[in-house]
1. Taking amide hydrogens as modeled 1.01 Å from N in the peptide plane, which residues meet the under 5 Å criterion relative to Arg119, leaving out close sequence neighbours?
2. Return one number: the angle in degrees, 0 to 90 and rounded to the nearest 10, between the long axis of the Cα atoms of helix 58-67 and the longest principal axis of the Cα atoms of the chain.
3. In segment 5-145, how many lysine pairs have Cα atoms under 13 Å apart, counting only pairs 8 or more places apart or on different chains?
4. Round to the nearest 10 and give me the degree value, 0 to 90, for the angle of helix 17-29's Cα axis relative to the longest principal axis of the chain.
5. Using only Cα atoms and rounding to the nearest 10 degrees, what angle (0 to 90) does helix 134-145 make with the longest principal axis of the chain?
6. Between segment 62-81 and segment 1-48, how many Å separate their Cα centres?
7. Once you keep just the Cα pairs under 8 angstrom separated by 6 or more residues, what percentage relative contact order results for the chain?
8. Rounded to the nearest 500, what is the chain's calculated 222 nm mean residue ellipticity when only DSSP H runs of at least 4 contribute -39500 (n - 2.57) each, over all residues?
Amino acid sequence: MAKTVVLASGAFDLVHYGHIKFLEEAKRAGGKDARLVVVVARDKTVEKLKGKRPVIPEDQRRAVVEALKPVDEAILGLKNLSITEAIRKVKPDIIAVGYDQRRIEEEVRRIVGLEGKIRVVQIGRFGSEDLDSSSKIKSRILNELK
């Protein structure tokens with residue numbers, strides 16, 4: 001029997017506890033022998049979506065994510081920002097989205113309606129709210145350096 005393929009995505013700039021728990025839960029959503037493939041957003045995608053470039057370059061963010069225990073493969077996002085193309089390339093059975101990925105979740109649910117039997121699961125928040133995003137961690141560091 002083929003392994004269940006789970007697709008997750010994110011920027012993963014300054015990897016933190018919430019990222020680790022998100023990836024663990026994403027893989028768990030696929031069952032015992034799931035394969036987790038993670039799409040790491042390109043620098044230009046992060047800049048377009050968040051208004052600033054990530055601290056860590058895309059090739060390093062991809063390598064760090066791929067080195068994480070729950071991840072079987074990490075790939076860079078497609079240059080044209082196409083979630084549809086990423087879905088067609090990876091062919092997931094499940095797409096895991098984070099609590100803070102509402103826009104992506106809406107687009108994925110629209111695409112999944114077109115693509116057939118792909119299940120979408122939303123993964124909850126982990127850790128303290130003041131340290132649950134790379135942006136909040138960067139802000140905290142800056143505030144503590146003042």
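1. Ile94, Ile95
2. 70 degrees
3. Lysine pair count for segment 5-145: 8.
4. Between helix and principal axis, roughly 10 degrees.
5. Once rounded, the angle reads 10 degrees.
6. Comparing the Cα centres of segment 62-81 and segment 1-48, I get a distance of 8 Å.
7. For the chain, the relative contact order is 29 percent.
8. Calculated at 222 nm, the ellipticity per residue is -13500 deg cm²/dmol.
Values quoted throughout were computed directly from the atomic coordinates according to the rules given, and no laboratory measurement underlies them. Just so it is clear, the model here is predicted, and its values are computed rather than measured.
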